[in-house]
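Chemist: What follows is a single structure, and I will ask about it in a moment.
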Amino acid sequence: MWLIFALATTLIWGLAELFYKKGSHPDEKYGHLKVCVCVGIVMGIHAVFTLLTQDIGYSFASLVRYLPVSLCYIVSMAFSFFGVRFIEESISDPIENTSGGIVCLMCALLLKESIPPLAAVAVILILIGIVGIGSFERRGKTDRSKKLGKRMAIIAFAMPFCYAILDALGTFLDIYYLDISTSPLVGVTEETIENVANTSYELTFAICALIILAFLKIRGVEFELPKQRDKILAAICETGGQFTYVFAMSGNGAIAAPIISSVCVVSLLLSRIVLKEKLTSGQYFFITMVITGIILLGTMDA
């Protein structure tokens, strides 16, 4: 069953990226905040469902203690939602998935862990790929400054990198939070620690969604939830993928991790087929380098 869950996670998260892009429009000023509201609402519902149906011994003190990690993930996703309004999913998703490489470097620099040769090769491939993608962004038909202006073009292209850095920081902190011997989470066991952490994250996202919703109302921004179909579908896929991910990793993480790390391949194919995104052969070459590095790191993580 773990293989089914791993494949399901890869497909569901790939669909989430597709719906994020479909529900994002350059001229929708607060579109990224609306996506945050949708994701927060769905995650909040799932968190409440977990608390009502599972005995995980949850203490709301864990919500406060897990806050640094939750905020890293939530703010990183907000950056991603902003960037996807202007950047092709085929480009932004591989860059965002380089967070695994950043975590690898952080562990080597801060925890003094050695980097295996294969991981070093993967990181080098990712770095070369990113530099290559960036070079195409600055010239030819992919020059966004002609459409957005130089300042906004730089900000938009920086968003996937901001996501990768913050997501990597959250993952790095999780090394401490999800270790039963060092975790500050309250009343957790080996069986409940991941559920407690995920529930804390989802509840925090729900609280942020309510704050953002209040902000939108104060600003007089029109926001009717039933009309946010693509945003809601993205939120459901995001939360659903998180659910299947836990079962995939608990079954056979050694093989599931590299399978799931190829989610950007699914996103790339769906963007090309459904969204009709057209990139140059050079862009695809460098994106392939990044994806190869990500899959290699997924193998190493396992």
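Chemist: On a 1.4 Å probe surface of the protein chains, which of PHE243, PHE5, PHE285 comes out largest in accessible area, and what is the full order?
Modeler: Values: PHE243 100, PHE5 55, PHE285 120 Å².
My answer, sorted largest first, is PHE285, PHE243, PHE5.
Chemist: GNM, the chain, Cα, under 10 Å: largest mean-square fluctuation among ASP167, ASP230, ASP55?
Modeler: ASP55
Chemist: Which of THR171, THR192, THR182 ends up with the largest GNM mean-square fluctuation for the chain, with Cα atoms connected below 10 Å?
Modeler: THR182
Chemist: Using only Cα atoms, locate the centre of the range 198-236 and the centre of the range 35-55, then give the distance between them in Å, rounded to an integer.
Modeler: Distance between centres, Cα-based: 12 Å.
Chemist: Another one. Hey, which aspartates and glutamates would be in cross-link range of LYS112, C-alpha to C-alpha under 15 Å, not counting anything within fewer than 8 residues on its own chain?
Modeler: none
Chemist: Counting only residues 5 or more places away or on other chains, whose amide H sits under 5 Å from the amide H of SER183 once H atoms are built in the peptide plane?
Modeler: Close amide H contacts, sequence-distant or interchain: none at all.
Chemist: When the dipole is taken about the Cα centre of the range 33-175, and only Lys, Arg (+1) and Asp, Glu (-1) are charged at their Cβ, what size is it in debye, to the nearest 20? Don't skip to the answer; put the middle values down first.
Modeler: Details: 12 positive and 10 negative charges, 165 e Å.
So the dipole magnitude of the range 33-175 works out to roughly 800 debye.
Chemist: Among the complete DSSP H segments of the chain, which ones combine at least 27 Å of alpha-carbon extent along their axis with a mean Kyte-Doolittle hydropathy of 0.5 or more?
Modeler: Working: long enough: 2-22 (30 Å, 1.09); 31-53 (33 Å, 1.74); 117-137 (30 Å, 2.27); 150-177 (40 Å, 1.11); 193-218 (38 Å, 1.38); 229-260 (36 Å, 0.69); 281-301 (30 Å, 1.28).
Correct list, ordered by number: 2-22, 31-53, 117-137, 150-177, 193-218, 229-260, 281-301.
Chemist: Hey, got the dipole for the chain? About the Cα centre, +1 on K and R Cβ, -1 on D and E Cβ, debye to the nearest 20?
Modeler: Numbers: 23 positive and 24 negative charges, 318 e Å.
Using Cβ point charges on Lys, Arg, Asp and Glu, the chain gives about 1520 debye.
Chemist: Let me ask another. Summing Lys, Arg as +1 and Asp, Glu as -1, what charge do residues with Cβ under 12 Å from the Cβ of LEU269 carry, LEU269 excluded?
Modeler: On the way: positive: ARG272; negative: GLU17, GLU89, ASP93, GLU277.
Taking every Cβ under 12 Å from that of LEU269, the sum is -3.
Chemist: Among VAL42, VAL84, VAL121, determine the one that fluctuates most according to a GNM of the chain built with springs between C-alpha atoms less than 10 Å apart.
Modeler: VAL121
Chemist: Which pairs in the list LYS150/LYS227; LYS217/LYS276; LYS34/LYS150 are over 28 Å apart, alpha-carbon to alpha-carbon?
Modeler: Going by Cα-Cα distance, LYS150/LYS227; LYS217/LYS276 fall outside the 28 Å limit.
The values are calculated or read from the model by the stated rules, or taken from the named source; none is laboratory data. Computed from a predicted structure; not experimentally measured. All Cβ positions, even for glycine, are placed from backbone atoms using ideal geometry, and neighbour counts span all protein chains on display. Quick note on the areas: whole protein, heavy atoms, side chains included, nothing else; ligands and nucleic acids left out. Shrake-Rupley method; radii C 1.70, N 1.55, O 1.52, S 1.80 Å.
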